[in-house]
Amino acid sequence: MASALSSEKIGSALFMAAYDHDPGATTAIITSADGGTTKKSLDLSLYAAFGVLVKPNIVGGGGLTKVEIIAADDSAMTTNVVVVKDSGTIAADALADYAFLECTAEEVAQLSAAGGYSSRYVAARLTMATNTDEATVVYIGFQPRHPRSGLTATTIS
């Protein structure tokens with residue numbers, strides 16, 4: 001019998017969302033299910049840290065070859081883009097492979113201020129080996145400034 005209790009220890013303490021990444025290219029593209037048209041970003045002013053977990057789910061060639069965390073002044077990730085973290089070249093070419101990067105809000109603030117910017121949005125920018133490679137991407141917003149019920153919730157579209 002399943003528990004009748006409703007608990008939210010994790011879901012109210014951090015934000016998690018999973019995305020499909022289908023870039024259709026071998027260039028670095030921000031997390032997007034449609035080749036970069038609809039970009040997925042997170043407003044880091046609402047969290048103390050950001051993490052991204054990337055796992056290949058279709059490997060037509062070499063799979064995932066690079067993960068970056070980037071920051072920008074706008075949620076479209078187009079204004080004053082700053083690279084915050086870089087995995088370097090990797091070879092996540094099996095379905096059991098994955099890569100994880102994280103950064104703090106302070107790191108983003110310091111790096112963007114060095115360029116004269118005030119970046120608050122972050123995203124993962126991924127490079128795939130072939131235009132048929134795809135990945136599942138999980139964004140994690142850690143230590144929300146305003147913890148609340150439903151921060152991480154089931155999403156069915």
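The values are calculated or read from the model by the stated rules, or taken from the named source; none is laboratory data. All values reported here derive from a predicted model rather than from experimental measurement. Here the Cβ positions follow ideal geometry from the backbone for every residue, glycine too, while neighbour counts run over all protein chains shown.
For the range 112-130, the criterion of being surrounded by 18 or more Cβ atoms within 10 Å (Cβ to Cβ), over 15 Å from the mean Cα position of the chain (by Cα) and over 21 Å from S32 (Cα atoms) is met by at least one residue.
Checking S12, S7, S75 one by one, the residue that is closer than 30 Å to S149 by Cβ and exposed (fewer than 15 other Cβ atoms within 10 Å of the Cβ) is S7 and no other. In the range 9-122, counting only strands (runs of 3 or more DSSP E) that sit wholly within it, the ones holding 1 or more residues that are touching a residue at least 60 places away in the same chain (Cβ under 8 Å) and either of a type in the set (G, A, S) or closer than 17 Å to Q143 by Cβ (or both) span 14-21, 47-58. Of the listed requirements (1) more than 27 Å from D22 (Cβ to Cβ); (2) of a type outside the set (K, R); (3) loosely packed, with under 15 Cβ neighbours inside 10 Å; (4) touching a strand residue (DSSP E or B) at 6+ places or on another chain (Cβ under 7 Å), F100 misses just one: (1). Taken together, the residues in the range 135-157 that are closer than 17 Å to T31 by Cβ, at pLDDT 95 or above and surrounded by fewer than 20 Cβ atoms within 10 Å (Cβ to Cβ) amount to 3. Within the range 78-97, restricting attention to residues that are surrounded by fewer than 17 Cβ atoms within 10 Å (Cβ to Cβ) and small (G, A, S), which residue is farthest from L44 (Cα to Cα)? Looking at residues that are surrounded by fewer than 17 Cβ atoms within 10 Å (Cβ to Cβ) and small (G, A, S), I get A94. The sole residue among L53, L42, L46 that is at pLDDT 95 or above and surrounded by fewer than 17 Cβ atoms within 10 Å (Cβ to Cβ) is L46. Where the second residue is aromatic (F, W, Y) and not in a loop (DSSP other than H, G, I, E, B) and the first is free of Cβ contacts under 8 Å to residues at least 12 places away in the same chain and lies in the range 131-157, which pairs have Cβ atoms under 8 Å and are six or more apart or on separate chains? Listed pairs, sorted by first residue: none to list.
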